[in-house]
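Read-outs: derived from the displayed coordinates by stated rules, not from any lab. The structure displayed is predicted, hence computed values, not measured ones. All Cβ positions, glycine included, derive from the backbone under ideal geometry; neighbour counts span all protein chains shown.
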Amino acid sequence: MNLLKFFSWLILVSFILFIKFTMPFSIKETLSPSYTFILADKALKEFNRTLAIFFWLKLIKYHSEEELIAYTLPAIEVKEEDWRQDKDILPLLYIITELDPHFVEAYDLGGYQLAINLKKINEGITFLQRGIERNPQSFALNFRLGFVYFHYKMYAKAIPYFLKAVELTKDNLELFNTLKLIGFSYWRLNRLDKAYYYFKQAIQIYPQDKKTRNFIDKLRKDMIKK
């Protein structure tokens, strides 16, 4: 991405020169050199953000929103042209995240595509970790990285990201699903007491969920036997 950064700096210099030579003197004389740089930097960020949105829309043009959503859903039927094996979207996703480091959707989709669909586990994890470094308060990215670890049975690594995700959302469905995944992770680690605690937290959100209630009953019996 060094070439992309070079062009960004080139555009920044262009913005500075534009301000310097095209603004009316009455306005220009009120701008200090530092403020001129700040103004140009803001313009560059807006330009990059707009360009990132353009590339995202380019993705949607070739892959409908339903197909993009399907990247992150289990395959029920394998079509003749399986979008889950598409590698062409990856360069665009890398470009989008470099242009706009806060484009969470691109990190989310790219991380899942790499780690789950293309089985490039380390690349997917690294991509998501970079997204979290830039967007530490993102529920979606913390949940996604936790899910990747969970999917590959690395339950101890999944739990901290799920716990962080719980802190970052007030949406009932997101809380319910994340708490259950924490419970399942502890269950897989044979920490039945912890698993029971988080499933109890989940059932308080949706008390009518029969599958969760049945699993809680199973856990309670297993804890008595143990």
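Identify, please: which residue in the range 171-212 is over 24 Å from the mean Cα position of the chain (by Cα) and of a type in the set (Asp, Glu) and is, among those, nearest to Lys153 (Cα to Cα)? The extreme case among them is Asp193. One residue is enough: does the range 208-217 have a residue meeting the conditions in a helix (DSSP H, G or I) and touching a Lys or Arg at 6+ places or on another chain (Cβ under 8 Å)? Scanning the range 208-217 turns up at least one residue that is in a helix (DSSP H, G or I) and touching a Lys or Arg at 6+ places or on another chain (Cβ under 8 Å).
Counting only residues that are outside any loop (DSSP other than H, G, I, E, B) and surrounded by fewer than 17 Cβ atoms within 10 Å (Cβ to Cβ), the range 106-129 holds 5 of them. Can you tell me which condition Leu145 does not meet? The list is (1) buried (at least 24 other Cβ atoms within 10 Å of the Cβ); (2) more than 30 Å from Phe47 (Cα to Cα); (3) among the aliphatic types (A, V, I, L, M), and all the others hold. That leaves (2) as the condition not met.
Scanning the range 175-207 for residues that are surrounded by 15 or more Cβ atoms within 10 Å (Cβ to Cβ), of a type in the set (A, V, I, L, M, F, W, C) and not in a helix (DSSP H, G or I) yields one hit, Ile205.
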